[in-house]
Amino acid sequence: MTLMPNLQPTEVLQQRDAAHHLHPFTDTQELNAKGSRIIVRADGCYLWDSDGNKFLDGMAGLWCVNVGYGRKEIAEAAYKQMQQLPYYNTFFQTSHPPAIDLAERLAELAPDGMNHVFYAGSGSDANDTVVRMVRHYWAAMGKPDKKVIISRKNAYHGSTMAGASLGGMQAMHEQGGLPIPDITHIDQPYWYGEGGDMGPAEFGLQRARALEAEIERLGADRVAAFIGEPVQGAGGVVIPPETYWPEIQRICRKHDILIVADEVICGFGRTGKWFGSETFGIEPDLMPIAKGLSSGYLPIGGVIVSDRVAEGFIASGGEFNHGYTYSGHPAACAAALANLSILQEEGIVDQVANETAPYLAEAWKQLGDHPLVGEARISGLFGALELTPDKANRAAFDAPVGTVGLIGRENAFGNGLVMRHVRDSMIISPPLVITKAEIDELIDKAALTLDQTYKAAQEKGLA
Ligand code: PXG
């Protein structure tokens, strides 16, 4: 395909990128010395770079391109909407058809009793909305002191001040004076890394009960909400033991604390159901969403809100003093609607649940037999391989955390497969439209990557 006849040489693009573009989560000095990888086009589950190299995208972009690349229906829906009404706001008592249609569609898709949507531009904005909305709700209920939000260490909820504060990433808190007040963090349900001699079920209960201890420490009359990703994504695809979420649910209900399930990654089919909350038996009061809502074709996020919370603050009257210029952006809503139609009409979520996820799971578990792999875990199309020099003891490498993971990531790229590393684990989250043949390719390339990485670790005396 001669899609880009005027493409400049890679070095020129890299130099111009280095001169003016500051990248997210990047050591700019290191990147500029090396030059960025320039991605120029994509189709289905594949990406191409400016040198013509082809990659199987095992990460669906950044955990978002659920329907795969090149879906003309989405491009056309946005194009048509831009011609009809490219922008109008939803402030000042106005609305428009795409925002109305999408809110109604989301209410149909969301779990029972979640029938209201507040729009944002991203997952971070959605979580800023969460902080303000839950505090607004409790104030409206006559409980203005109920404002602490309990989150988890190693959670990821975005990069804005509130999003990064809700997140439990120490390296993020260290930059910018975070967390903001009235957000606390308990330990995460990461059995492989922190479970020690305990079995997963017992460990899951123990980590859930840390929430009750934190509530008792603070006093339930001060705690507004608990927030968690059903499966932690950026934290390393941490799939909690089965005992964890039911116990969290019980504790939150007992102490009248709202449950916020951050569905930014888990939502829209990733775990084999429409929402991760359904897979893990969570009954949330609020669900921040983004990413798979539009499959990343245009930026859009939002919060799906339960009847209890929405109707509670609506009934109390007065304004919710919060909103974004792009809350309910018409073209982004149109793109999201077209994306949801693809997921629905092609039965993609069921296909994940019944066909591709079980197929991937079987092959993924076999990668767990590789000498470098301590655990191969997977939920839907969402998986991690923990790398270790000592399977039996789930030991860490005798090197700075991430050393071997980074070697793995570079090997994967060299093999034409995009995988991320988190610490010393390798992560996948491919488009939900991935076929069985493409899964075979992913597994072959991942196995080769493991062999190469094992050899490299041995040569460095690390395995
Ligand atoms: N919640 C969750 C669970 C996320 O994964 C956000 C909120 C924030 O969304 P926005 O749209 O503001 O980015 C996310 C985003 C990574 C990585 O390196 C993960 C995310 C974003 C950037 C990098 O894994 N997740």
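The values are calculated or read from the model by the stated rules, or taken from the named source; none is laboratory data. Worth saying up front: this structure is predicted, and the values here are computed from it rather than measured. Ideal geometry is used to build each Cβ from the backbone, glycine not excepted, and the neighbour counts take in all protein chains shown. Note: areas computed on protein heavy atoms with side chains; ligands, DNA, RNA excluded. Shrake-Rupley method; radii C 1.70, N 1.55, O 1.52, S 1.80 Å.
Short version: what are the Cα gyration tensor semi-axes of region 167-307, square root of 5 times each eigenvalue, largest first, in whole Å?
23, 19, 17
Can you send over the carbon and sulfur percentage of the accessible area for the chain, probe radius 1.4 Å, protein chains only?
52 percent
Return the distance in nm (one decimal) between the two label points of a simple spin-label model at ALA456 and ASP197, each offset 7 Å from Cα along Cα→Cβ.
A separation of 3.7 nm, rounded to one decimal place.
Jot down the per residue volume, in cubic angstrom and as a whole number, of the convex hull over the alpha-carbon atoms of region 72-345.
Normalising the Cα hull of region 72-345 by residue number yields 127 Å³.
Could you please state, rounded to a whole Å, how far the C-alpha centre of region 187-245 is from the C-alpha centre of region 381-436?
23 Å
If you count the DSSP beta bridges with both ends in the chain, what percent of them are antiparallel, to the nearest 5?
70 percent
Efficiency by 1/(1 + (r/R0)^6): what FRET value for THR28 and MET161, r their Cβ-Cβ distance, R0 = 25 Å, to the nearest 0.05?
Efficiency for this residue pair is about 0.70.
Stokes-Einstein at 25 °C, 0.890 mPa s, Kirkwood radius from Cα pairs: D for region 1-127 in µm² s⁻¹?
132 µm²/s
In nanometres, what is the gap between the two model label sites at VAL401 and ARG253, each 7 Å from Cα along Cα-to-Cβ?
Here the answer is 3.5 nm between the modelled labels.
Using helices alone, I'd like the mean residue ellipticity at 222 nm for the chain: each DSSP H run of four-plus residues gives -39500 (n - 2.57), total over residue count, nearest 500.
-12500 deg cm²/dmol
Remind me, relative contact order of region 72-345 in percent, using alpha carbon pairs under 8 angstrom and six or more residues apart?
Details: 545 pairs, mean separation 80.7, N = 274.
Relative contact order comes out at 29 percent.
Determine the gain in length on full extension of the stretch ARG217-LYS153; use 0.36 nm per residue of separation and subtract their C-alpha separation, reporting nm with one decimal.
Taking 0.36 nm per residue and subtracting the Cα distance, the gain is 21.3 nm.
Residue separation times 0.36 nm, minus the C-alpha to C-alpha distance between PHE91 and GLU319: what's the value? Don't skip to the end; give the middle numbers.
Numbers: separation 228, 0.36 × 228 = 82.08 nm, distance 1.13 nm.
Stretched fully, the PHE91-GLU319 segment lengthens by 80.9 nm.
Past the 25 Å Cα-Cα mark, which pairs from LYS54/LYS80; LYS391/LYS460; LYS153/LYS436; LYS146/LYS254; LYS391/LYS445; LYS72/LYS291?
In this structure, LYS54/LYS80; LYS153/LYS436 exceed 25 Å between Cα atoms.
In 5 Å bins starting at 0, how do the alpha-carbon pair distances of region 98-227 split up by percent?
2, 10, 15, 17, 18, 17, 12, 6, 2, 0, 0
I'd like the projected area of the chain, averaged over all directions, using the convex hull of its alpha carbons. Report it in nm² with one decimal.
With every direction weighted equally, the projected area is 22.5 nm².
Take the Cβ-Cβ distance between THR184 and GLU346 as r, set R0 to 56 Å, and report the resulting FRET efficiency rounded to the nearest 0.05.
In this case the efficiency is close to 0.85.
With a probe of 1.4 Å, find how much accessible area region 72-345 has per residue, and write the answer as a whole number in Å². The partial results should precede the final answer.
Values: 10900 Å² over 274 residues.
Per residue, region 72-345 has 40 Å² of solvent-accessible surface.
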